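Below: the structure, in structure tokens.
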């Protein structure tokens, strides 16, 4: 196999790995957003206790919005 063929194979493999992870992440985020009510989230994240921060971290990890 030529170098170009190997490069294309590697690029396709990396694209597939990124694509399925992205689809899975977005699907999980959609489930969280569909199931969790806004009022429940506000009630859970109303202060700065460690448990509140843990919930916020978990929901933030499931969020599709980049944080950079």
With axes computed from alpha carbons, what is the tilt in degrees of helix 50-62 against the longest principal axis of the chain, rounded to the nearest 10 within 0 to 90? 30 degrees
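So what is the 222 nm mean residue ellipticity for the chain from helices alone, if each DSSP H run of at least 4 adds -39500 (n - 2.57) and you divide by all residues, rounding to the nearest 500 deg cm²/dmol?
On the way: 3 runs with 53 residues, N = 68.
One gets -26500 deg cm²/dmol as the mean residue ellipticity at 222 nm.
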If I fit a long axis through the Cα atoms of helix 3-35 and take the longest principal axis of the Cα atoms of the chain, what angle between them do I get, 0 to 90°, rounded to 10? 20 degrees
How high is the FRET efficiency from residue 18 to residue 59, r the C-beta distance, R0 30 Å, rounded to 0.05? 0.80
Cα convex hull of the chain - mean projected area over all directions, nm²: 6.4 nm²
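Readers should treat all values here as calculations from the given coordinates under stated rules, not as data from a laboratory. Everything numeric in this text was worked out from a predicted model, so none of it was measured. Neighbour counts are summed over all protein chains in view; Cβ atoms, including those assigned to glycine, are modelled from backbone coordinates with ideal geometry.
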